[in-house]
Amino acid sequence: MKKNIFLSKEQSRAWERWKLLGLYDKFEQLVVLVLTFLIALTVLLSIWNLGITVIGNTFRHGMSLDITDGHVFRKVFGMIFTVIIALEFKRSLLVTIEHRFSLIQVRTVILIAILAIVRKFIILDFTAVKADKLLALAAAILAIGIVYWLVCDTSEKNRKYLQRKNRQSPLPDKQEKKER
């Protein structure tokens, strides 16, 4: 193996793993990298827009941004939650690359859905919304919360099962190997 003096140890290991991937796995990793770049760009633009909104509203209202105003609150925190959702999505893509999961973790997708619904609750104008829409959002977050609990509970049970199984069937020790 030829050593590249321009790459760090982590980059060299990543390059070695890359060379071992099949064609579809490489395609999948490239798609994830492109999506990660696009989401990072979206986050930067969202932060820029958020900064302009906050600073613009501050100067427009005489150096005081009245965050207690419902409209301002919903607008600013809706924008903040948009950035948080994008960051969480980007992080899940990076975990996919680093740990070589073939798919994004289900728990992460559910968490992002919960964040999106919470964002919707924050930006919702309760004076203008009908009760059926509010009930539908509440039912959606309850259902997604139950699914999240089930997924987490199942993965915890699987983890405990594998730990018990590994303790019950230990690897053969040196004495057993000698007898064979």
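Values in this text are rule-based calculations from the coordinates and carry no lab data. Bear in mind the structure is a predicted one, so any value in this text is a computation, not a measurement. So basically every Cβ, Gly included, is an ideal-geometry build from the backbone, and we count neighbours across all protein chains shown.
Using R0 = 30 Å, the C-beta based FRET efficiency linking Arg107 and His71 works out to 0.30.
Expressed per residue, the C-alpha convex hull volume of segment 9-126 stands at 115 Å³. The fewest-to-most ranking of Phe27, Phe81 by surrounding Cβ atoms within 10 Å reads Phe27, Phe81. For the peptides 39-51, 84-96, the ranking by mean Cβ contacts within 10 Å, running from highest to lowest, is 84-96, 39-51. Per residue, the average separation of C-alpha pairs within less than 8 Å and at least 6 apart gives segment 9-126 a relative contact order of 31 percent. FRET efficiency for the Gln163 to Ala116 pair, using the beta carbon distance and R₀ = 35 Å, is estimated at 0.55. Stretching Trp18 away from Phe59 to a fully extended chain increases their span by 9.7 nm, per 0.36 nm per residue minus the current alpha-carbon distance.
A simple packing score, the average count of other Cβ atoms within 10 Å per residue, orders the peptides 9-19, 110-120 as 110-120, 9-19, with the highest score first.
Between Trp48 and Arg91, the modelled labels are 2.5 nm apart [label points 7 Å from Cα along Cα→Cβ].
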